[in-house]
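Q: Sharing a structure, written as structure tokens. Questions coming.
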Amino acid sequence: MKFLRRGDIRSVHSIFNGMAEVLEFKISGDSPVCGSRIMDIKMPHNSLILSVLRGQVQDTIPDGNFILSPGDTVISLVDKKSLSDLEKAFMTAGH
């Protein structure tokens, strides 16, 4: 997760005996996913965006039409084998 680690990772938790990870990270202002609907981001097959916190008050379980913005804090679940694919998804806009 080199790219995300250069950003603002809040926490990483291994689950299911290390087979998956839950990541909490902040979307930087220069991320190519800013302004993208979740459904348009090329996320790995074995990953989900579970929640997005916007500002201090709006915490939501997003659907595919949710648009990511700079400063959003994302909680994502990903199969450990797909970590590098998640990195690529947030480095390259899925348009």
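Laboratory data are not the source of any read-out in this text; all were calculated from the coordinates shown. Just so it is clear, the model here is predicted, and its values are computed rather than measured. Positions of Cβ are backbone-derived with ideal geometry, glycine not excepted, and every protein chain shown enters the neighbour counts.
Q: Condition first: of a type in the set (S, T, N, Q) and over 21 Å from residue 69 (Cβ atoms). Now tell me which residues in the stretch 11-44 satisfy that.
A: Here is the first cut: in the stretch 11-44, the residues of a type in the set (S, T, N, Q) are 11, 14, 17, 28, 31, 36.
Scanning the stretch 11-44 gives 14, 17.
Q: Just to be sure before I move on: is residue 10 of a type in the set (Lys, Arg) and exposed (fewer than 15 other Cβ atoms within 10 Å of the Cβ) in the structure I sent? Please lay out each step first, then the result.
A: On the way: of a type in the set (Lys, Arg): yes; exposed (fewer than 15 other Cβ atoms within 10 Å of the Cβ): yes.
In short, yes.
Q: I've got another one for you. Can you confirm whether residue 16 is surrounded by fewer than 12 Cβ atoms within 10 Å (Cβ to Cβ) and of a type in the set (Phe, Trp, Tyr)?
A: On the way: surrounded by fewer than 12 Cβ atoms within 10 Å (Cβ to Cβ): yes; of a type in the set (Phe, Trp, Tyr): yes.
When the stated conditions are applied, residue 16 passes them.
Q: Okay, moving on. List the number of the failed condition for residue 28; all other conditions in (1) closer than 18 Å to residue 10 by Cα; (2) over 12 Å from the mean Cα position of the chain (by Cα); (3) among the hydroxyl-bearing types (Ser, Thr, Tyr) hold.
A: (2)
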